[in-house]
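Q: Mind having a look at this structure? Questions to follow.
The values are calculated or read from the model by the stated rules, or taken from the named source; none is laboratory data. Computed from a prediction, not measured in an experiment: that's the story for all the values here. Here Cβ is always computed from backbone atoms with ideal geometry, including for glycine, and neighbour counts include all displayed protein chains. Protein only, heavy atoms only, side chains kept; ligands, DNA and RNA dropped before computing areas. Shrake-Rupley method; radii C 1.70, N 1.55, O 1.52, S 1.80 Å.
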Amino acid sequence: MDILFGNKPLIKEEEVEWALDFSENQVIRNLPTFTDKFQKAYSENNFYHPIENNYWTTGFWTGEIWLAYEHACEKKDGNEDALRAAGEIQVKSFLNRIEQKIEVDHHDMGFLYSPSCVAAYKLTGNELAKKAAIMAADQLITRYHPVGEFIQAWGAMDAPENYRLIIDCLLNLPLLYWASEETGDDKYREIAEKHIHTAIKNVIREDYSTWHTFFFDMKTGVPDHGATCQGYRDGSAWARGQAWGVYGCALAYKYTKREEYIELFRHVTQYFLEHLPEDMIPFWDLEFTDGDEQPRDSSSASIAACGMLEMIKYMEKDEAELYKGYAQKLMKSLYDNYAVKDFKASNGLVLHSTYSNHSPYNTCNHYGVDECNSWGDYFYMEALTRLHKDWILYW
């Protein structure tokens, strides 16, 4: 593999520590507003507003609370009790959400329940969190199609126009592996593995760029075609989708130990790195680079960094150091140029993310452009935590 960005600096240990301290303090500052409520998926003028627990992104905020709790416990700084109490209040909200089936008819049960309830159970042994997360796993597998062997992303299950998966779902599957581990029932793991193999076989193109969504024939399950919803155009590489591919391949290897997934990780990551601009933080679609008047998506850099830091656990020393270096360079650029450093400037953690940017070719709405977003903040904290210690992941 060619060594890219060889002249870029690595984030220093003291910068990681400072960023984690700031992140913990920012979470503490936000608790009065965001304990009984949740952060909206994206900020407006760099400030989040509160919402009910009824959107696919609310688990990321709770994940920030648990990451802050871990950091506070390590430092013994006195914030531990407040953070745990807030996290447990949110766990009760997630239990209520799955019991009442509030906006759960989609594939994002992992995004909702891994960083909130699986995290709570792993960190504190919270039995309500365990119950909620297993119920969420049960909900997720209702979207599995034996014809095609995949978990449908969204929409009515009997509609041909919805008969598709999306690359994001690779991050939802760890919930199923965890559920099999906790219950002893292999059905969750078996469905996860079938989805992984179907997804990776179809969403990664010949040049190792990735499709956002991929459709199947509803009657036969035969792969039909790829398309984008949030990318610039069907043939381009949506930056966050490529980053989900980086992290998703790492998790696919973690859970299946299939050697070909390490090789796919290398190629998907190489494509991501080769299409970054000079400061290493991608534009919202990898079609764009320096000189294009397009918004960035800083969240993609954090997601990709997390994927690299996961995959290095399974690599030989020299290759592991290479990818760790890329992750450290990504985090250095985020820390220097994108991270919030002033509480008065934003109640988020990382600026210049893009949720969904409309183009002449895609079908998605235009919102959360050049703002903070909740997964960008969460994965920034996760990557920092991974660099700081041997982290037991929530995924």
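Q: Lys and Arg at +1, Asp and Glu at -1: add these up for the other residues within a Cβ distance under 15 Å of Glu371 and post the number. Spell out each step's value before the answer.
A: Numbers: positive: Lys40, Arg240, Arg296; negative: Glu44, Asp297, Asp370, Asp377.
Residues near Glu371 contribute -1 overall.
Q: Order His212, His106, His352, most accessible first, counting only protein heavy atoms with a 1.4 angstrom probe. Numbers along the way, then the final one.
A: Working: His212 5, His106 30, His352 65 Å².
Putting His212, His106, His352 in descending order of accessible area: His352, His106, His212.
Q: Rounded if a/c is under 1.5, else prolate if a/b is larger than b/c, else oblate: which is the stretch 206-361, with a ≥ b ≥ c the root eigenvalues of its Cα gyration tensor?
A: Working: a/c = 1.95, a/b = 1.14, b/c = 1.71.
Oblate.
Q: For Ser23, what charge total do you get from the other residues with a beta carbon under 10 Å from its beta carbon, if Lys and Arg give +1 and Asp and Glu give -1? Before the final figure, lay out each step's value.
A: Details: positive: none; negative: Asp21, Glu24, Glu64, Asp377.
Residues near Ser23 contribute -4 overall.
Q: Dipole size in debye (nearest 20) for the chain around its Cα centre, Lys and Arg Cβ +1, Asp and Glu Cβ -1? Walk me through the numbers on the way to the answer.
A: Numbers: 38 positive and 62 negative charges, 137 e Å.
Result for the chain is approximately 660 debye, rounded to the nearest 20.
Q: Among Cys169, Leu384, Val350, pick out the residue whose Cα is farthest towards the positive end of the charge dipole of the chain, where Lys and Arg carry +1 and Asp and Glu carry -1 on C-beta, about the Cα centre.
A: Of the listed residues, the answer is Cys169.
Q: List every residue whose amide H lies under 5 Å from the amide H of Asp370, counting only residues 5 or more places away in sequence or on a different chain, with H placed 1.01 Å from N in the peptide plane.
A: Those lying under 5 Å, H to H, from Asp370 are Ser353, Thr354, Tyr355.
Q: Give me, ordered by chain and number, the residues 5 or more places off Asp224 or on other chains with an amide H under 5 Å from its own placed amide H.
A: Phe215, Phe216, Asp217
Q: Hey, another quick one. With runs of 4+ DSSP H residues as the only contributors, calculate the mean residue ellipticity of the chain at 222 nm using -39,500 (n - 2.57) per run, divided by the residue total and rounded to the nearest 500.
A: Numbers: 13 runs with 194 residues, N = 395.
That comes out to -16000 deg cm²/dmol.
Q: Cross-link candidates for Lys329: which aspartates and glutamates have Cα within less than 15 Å, leaving aside residues fewer than 8 places away along the same chain?
A: Glu13, Glu14, Glu15, Glu274, Glu278, Asp279, Glu321
Q: For His366 and Asp36, FRET efficiency with R0 = 30 Å and r from the beta-carbon atoms, rounded to 0.05?
A: Values: r = 30 Å, r/R0 = 1.00.
Taking R0 as 30 Å, the efficiency between Asp36 and His366 is 0.50.
Q: Let me ask something else. Dipole of the stretch 222-299, Cα-centred, from +1 at each Lys and Arg C-beta and -1 at each Asp and Glu C-beta, to the nearest 20 debye? Don't skip to the end; give the middle numbers.
A: Details: 7 positive and 14 negative charges, 111 e Å.
My answer is approximately 540 debye.
Q: I would also like to ask the following. Excluding Glu278 itself, calculate the net charge of residues whose Cβ lies under 15 Å from the Cβ of Glu278, where each Lys or Arg counts +1 and each Asp or Glu counts -1. Let's see the in-between values first.
A: Numbers: positive: Lys8, Arg296, Lys329, Lys332; negative: Glu274, Asp279, Asp290, Asp292, Asp336.
That works out to -1.
Q: Of the options Trp244, Ala132, Tyr314, report the single residue whose Cα projects farthest towards the positive end of the charge dipole of the chain (beta-carbon charges: Lys, Arg +1; Asp, Glu -1).
A: Ala132
Q: Sorted by accessible area (1.4 Å probe), largest first, how do Met331, Met218 line up? Don't skip to the end; give the middle numbers.
A: Numbers: Met331 0, Met218 65 Å².
Accessible-area ranking of Met331, Met218, largest first: Met218, Met331.
Q: Using the Karplus curve 6.51 cos²θ - 1.76 cosθ + 1.60 with θ = phi - 60°, work out ³J(HN,Hα) for each residue of the stretch 252-264 in order, rounded to whole Hz, and write x for Gly and Pro.
A: Ordered by residue, 3J(HN,Hα) equals 4, 5, 3, 8, 10, 6, 7, 4, 5, 6, 5, 5, 5 Hz.
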